[in-house]
Structures are given as structure tokens and as C-alpha cells.
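The values are calculated or read from the model by the stated rules, or taken from the named source; none is laboratory data. From a predicted model like this one, the values you see are computed outputs, not experimental measurements. Cβ atoms come from the backbone with ideal geometry, glycine included; neighbour counts cover every protein chain shown.
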Amino acid sequence: MAARPTDLQSIAPAPSPVAAGAPGGSALRLFGRRRPVALGAGAGSLRAALTPIGIVTLIILAAPLLATHTALDVTSAGPFRAPALAYPFGTDEIGRDIFSRVLYGMRESWLSALGVITVGAAFGALVGALAGAFGGLIDMVLMRLTDLFLALPAPVIAIAVIASIGPSLFHTLLALSVVWWPWYARMVRAEVRAHASRPHADAARLAGVSRARLVLRHLLPAALAPVVVTMSLDVGNLILALASLSFIGLGAPPPAPELGAMSAQGLEYLLAYWWVPIAPATAAALLALVANLLGDRANRRLNQGRT
């Protein structure tokens, strides 16, 4: 059920240029812009909206089955084989099949993005629910902590975290999770505070429901739809963020099949053997585009379910 504008205005400050962006504020200035999401929908609409994302996830999980080689196999075609029927994306500087490596890289990028979003949304939802449910000093402390993370330059923080603990895929995912949760905390807090004064919440209090049960059963589910749709819109941003960090050497070390790292390693061959950097870069762009289209579709389906 959508929150009334007057309710939201009474519990949340006017969005600043930082808070109005994606998790980490400046992260979205680097990786994209967040769009408005639906504020409520039924379970059926939510399921219908997320079904395409689940289908795409299954397809990407099965994508390596189409690969003719593993991600590390050196083929008999030799290095810099031009794209052909046997090698659709050609081979790289040491003779590995780029098509196979791109398929593995797409799976890794998609699952990594889903992992970061899940961790960020779960932690942000916990912080937002605690702030909205308890209010007072707890609310003030948690929201000032959230504001601190929103004010910090998220890309710089992510790079600093990776540089301090060493480049690897796990460290990259950890660094992005650190800067990706604040907007979810703000969103859940606003929904919890808005619905706390609704008649169904008042009825639950009169029935003697505990505060924990009130939040878990009556208030937190109201934030589920906007949070899930925001998660779906964030998949494309995370794919580009992961590719950007791996492009500058802050992802998994070679010879891991990361799309950004593959593009960076093949950049020196751009003029002579264009397919080496172009194929993984195009795959990352198409994967982000598919994620954004699916997120937009989920948002539209939830808006339709609300009307």
C-alpha cells in the first residue's frame, strides 16, 4: 500500500544530491542513476515482476554449457585467431577461446551482482527496520551513520577497501557491499515509519502484539515491494561497477574470466586485433542493458498491480 506524501515528508528529510542517488551517493554518478520505484504491490504482482529475472538467471547459469572450452583452455587455433564459425569471438593473445571466457565471465558478473545486492539490501533493511521501529536515539544514531556513508565518495571507499586488503573477487564484492546498503536503509525506515501509524498497525498494538512481531509481520512486509524492485534496478549498476573495478585491476587476478579485466588486458591489441577487448566489453554492456530492461519491467508490473 503506497505511503501518503504527507507521511513520508514528516519522517524523512528532503533528499540531498547525495541521498537522492544510489547506494553510496556518488557511486550512482559513476555507475548510473536510480529511477523511481513502485511503492507497493501484491504478492502475485511481485512474483510476476521477478519471474523474468529468475529465468535470465537460470539461462546465465547454464550459459557455460554452450562453451566449447573451459575458461583457461589454450586452444589449438593459436593466438589472435579472427572470429570464425569454430571460434565466434576469436582467440586471445595466448590462444584461449574468447567466446567461452565471455560466457563464464557473464555468469560470474551476474551472480556477483546478485550477491552484492542481496547483502546490501539485507543489511540496509535491518538498519532501516531498527531505526524505524525504535525511533529516538537509536533512530538518530543509525540514520547519522547512514548519512555518513551516503556522504562519502563510494567509488573511492570501494577502491580503498580493495587496495588495503588486496585484489580478489571476494574483496571486490565485500567493498561494494560496504557502500551499497545506505539507500536501502533509508527506504525501509521511511516505509516502516509511514505504516506505523496506519490502522492495521494500531489494531495490532491494541491486540498486544510485541514490537518485534509488529515490525516483522505488519510493517516490514510493506517495504518488500519497493526494496525488491530497487534491487532489480541495481543489477545493471552492479555489473558495470564490477566491470569497472576489474578493468583497473581490482577484481580477481588473471587469468580469471572477468569481463572488465579481459577488456583491459586486450586493450593494447585494440587496433590490430579488435575482437580481443571488444567482445568482453560488449558482453558487459549487453548484460547491464538486459538487467536494466528487466528492472524497468518489474517496476511497471508492480505499478500495474497497484492500480
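Before moving on, here are some points about what is shown:
- For the stretch 37-61, a residue qualifies if it is farther than 19 Å from Asp234 by Cα and either at pLDDT 85 or above or polar (S, T, N, Q) (or both), and the qualifying residues are Ser45, Leu61.
- The criterion of at least 3 residues that are under 18 Å from Pro277 (Cα atoms) and more than 17 Å from the chain's Cα centre (by Cα) is met, among helices (runs of 4 or more DSSP H) falling completely within the stretch 53-165, by 98-134.
- The set of residues from the stretch 124-183 being among the basic types (Lys, Arg) and touching a Lys or Arg at 6+ places or on another chain (Cβ under 7 Å) is empty.
- Helices (runs of 4 or more DSSP H) contained entirely in the stretch 166-225, each with at least 3 residues that are farther than 30 Å from Ser244 by Cβ and in contact (Cβ under 8 Å) with a residue 12 or more places away in the chain: 182-195, 199-206
- Some residue of the stretch 282-299 being without any contact (Cβ under 8 Å) to a residue 24 or more places away in the chain, touching a helix residue (DSSP H, G or I) at 6+ places or on another chain (Cβ under 7 Å), closer than 19 Å to Ala71 by Cβ and not hydroxyl-bearing (Ser, Thr, Tyr): no
- Within the stretch 115-126, being surrounded by 20 or more Cβ atoms within 10 Å (Cβ to Cβ) and either over 17 Å from Leu224 (Cβ atoms) or without any contact (Cβ under 8 Å) to a residue 60 or more places away in the chain (or both) holds for one residue alone: Val116.
- Among residues that are charged (D, E, K, R) and either buried (at least 24 other Cβ atoms within 10 Å of the Cβ) or within 30 Å of Trp110 (Cβ to Cβ) (or both), Arg193 is not included.
- Test: Leu267 is free of Cβ contacts under 8 Å to residues at least 24 places away in the same chain and over 21 Å from Leu174 (Cβ atoms): yes
- Extreme residue, nearest to Ile248 (Cα to Cα), among residues of the stretch 139-165 that are in contact (Cβ under 8 Å) with a residue 40 or more places away in the chain, surrounded by fewer than 18 Cβ atoms within 10 Å (Cβ to Cβ) and among the small types (Gly, Ala, Ser): Ala163
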